[in-house]
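For reference, the structure discussed in these notes is given below.
The values are calculated or read from the model by the stated rules, or taken from the named source; none is laboratory data. Not measured: the values here are computed from a predicted model. Virtual Cβ from ideal backbone geometry, glycine too; neighbours counted across all protein chains shown.
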Amino acid sequence: MNQNASLLKTVETTDFITIDPHKAMQASSLDKIRVQGGTQLNGTIPISGAKNAALKHMCAAMLTSDLIQFTNMPVGLKDIQTLAALMKEMGADMTLRSDGTMFIKAENIHSTEAPYDLVRRMRASVLVMGPLLGRFGEATVSLPGGCTIGSRPIDLHLEGFRAMGAEIILEEGYVKAKAPVGGLRGAKIIFPKVSVGATENVMMAATLAKGETILINAAREPEIIDQGNALIKMGAKISGLGTSEIHIEGVPALHGMTHDVLPDRIETGTFMIGVALTGGTVRLQHTRTDFLTSLIAPLEKAGVTIDLDGDDVIVHRNGKPLVGTDIMTEPYPGFATDLQAQFMTMLTMCEGAGMVTETIFENRFMHVPELRRMGADITVQGNSAIVRGVTKLKGAEVMATDLRASVSLILAGLVAEGETTVDRIYHLDRGYENLVGKLEACGAKVERLSSSRVE
């Protein structure tokens, strides 16, 4: 216990991250990013740990009172810091280090309520419900917030918990869940559609349920596999990860462990597309390509060269014109919806035309009007967009509407003629760690304008 206490002790040093999402959100809410176009990307970019895995790992740490250690955590992200603040408020001891190490000890949880003020900032906060319900038998969680990219109800989460015996009440903007006497019970749960969040939330709850839980039509994302492997290290009995049928045999308790978070495939893909747009050669460090096959195929078809060197990926375009191609977003292993806006931006500079079809979220074309302001030729028809390549984009003042749209506008600015200013970049801070620094290291002319400098 003395060793654990020393690990979790607050130390006033630059090696540690201060957990204060309220202050961070206020500081970044008026910031902008200014981009001067016309420079190739050449250099090396370290890829951060996957945000979409890291957040779920943090929630899963609440399933045990033992010490949990994570490495390769993207601790600079606002979403990570917001969830850390929420968990601290509930009683968890949290230490975040700037080297990507995180320690969590949820031994003294004194509240099973996740309040609106923090949950509204990020949708992933709802994923504390499964661990709280599984370990403590109850959870009160505000209905979630996050990006405005369409309806993302949590009905499938709640139906999964109901199937395991939980009583669910919706009251004054909160979900109140209570397990039956004796705890949750294993159940066969058939998801009517693939849901990453519901798969993750129910899987966490099921690790401590009595009996076997079977998830049918489960999501297959690499982040779910990573989460499942971490849970197995904690003592969970899980099989079928990476398939559409996951089996979880409940155990009485879970224990501590150490886990290295997998690389962020969305960040990896974003920088791949950036090199496709600008030309040049960039080495992406500590990442993989096996979880990006649906992106690599159309990138190579468009004219990009992608090579492996150990756990690095080398992306190159020699200056030849890009060729338009079609994509359709689908659940994994299909094309990721989180890369759709970036790929559409690339298509604006391709020869010919390409079609982008969005099947996951109904409002995920909100970046289109901003790209049009920069000279893009895009026609939206229902859930599809026809993108006809233009000879050049022109810099403009544009506004980000969600996390992935914000980075797509920065990518557009990298190849636009003149200067582009992207407003409302607090979306960007939620999902990209040190984006400006990483782009600058590769020669991009990009800078962050703090609210005190914004003219």
> So is residue 60 buried (at least 24 other Cβ atoms within 10 Å of the Cβ) and either within 18 Å of the chain's Cα centre (by Cα) or of a type in the set (S, T, N, Q) (or both) or not?
Replying inline: yes
> Are any residues in region 118-142 in a helix (DSSP H, G or I), among the hydrophobic types (A, V, I, L, M, F, W, C) and in contact with a helix residue (DSSP H, G or I) (Cβ under 8 Å, 6 or more places away or on another chain), and if so, which ones?
Replying inline: 118, 119, 124, 126, 127, 128, 129, 132, 133
>> Conditions first: (1) loosely packed, with under 15 Cβ neighbours inside 10 Å; (2) outside any helix (DSSP H, G or I). Residue 175 passes all but one, so which condition is the exception?
In response: (1)
>> Just to check your reading of the model, which residue among 356, 390 is on the phi < 0 side of the Ramachandran plot, assigned to a strand (DSSP E or B) and not charged (D, E, K, R)?
In response: 356
> Which of the residues that make up region 168-187 are basic (Lys, Arg) and touching a Lys or Arg at 6+ places or on another chain (Cβ under 9 Å)?
Replying inline: 185
>> Let me spell it out: the conditions are (1) among the hydrophobic types (A, V, I, L, M, F, W, C); (2) farther than 21 Å from residue 133 by Cβ; (3) at pLDDT 95 or above, and residue 63 meets all of them except one. Which number is the exception?
In response: (2)
> Can you tell me which residues in region 178-203 are more than 19 Å from residue 112 (Cβ to Cβ) and part of a strand (DSSP E or B)?
Replying inline: 185, 188, 189, 190
> If you take the residues in region 130-148 that are more than 20 Å from the chain's Cα centre (by Cα) and either surrounded by 24 or more Cβ atoms within 10 Å (Cβ to Cβ) or under 24 Å from residue 400 (Cβ atoms) (or both), which one is modelled with the lowest pLDDT?
Replying inline: 141
>> For region 367-423: of the residues being in contact (Cβ under 8 Å) with a residue 24 or more places away in the chain and basic (Lys, Arg), which is nearest to residue 435 (Cα to Cα)?
In response: 404
> Restricting attention to region 399-437, which residues are over 18 Å from the mean Cα position of the chain (by Cα), charged (D, E, K, R) and either under 18 Å from residue 47 (Cα atoms) or modelled with pLDDT of 95 or more (or both)?
Replying inline: 417, 419
>> Just the residues that are within 21 Å of the chain's Cα centre (by Cα) and crowded, with 23+ Cβ neighbours inside 10 Å, please, taken from region 366-384.
In response: 367
> Quick one: in region 277-308, which of the residues that are under 20 Å from residue 340 (Cβ atoms) and among the charged types (D, E, K, R) is nearest to the chain's Cα centre (by Cα)?
Replying inline: 300
>> For region 45-77, which positions are among the β-branched types (Val, Ile, Thr) and over 30 Å from residue 314 (Cα atoms)?
In response: 64, 68
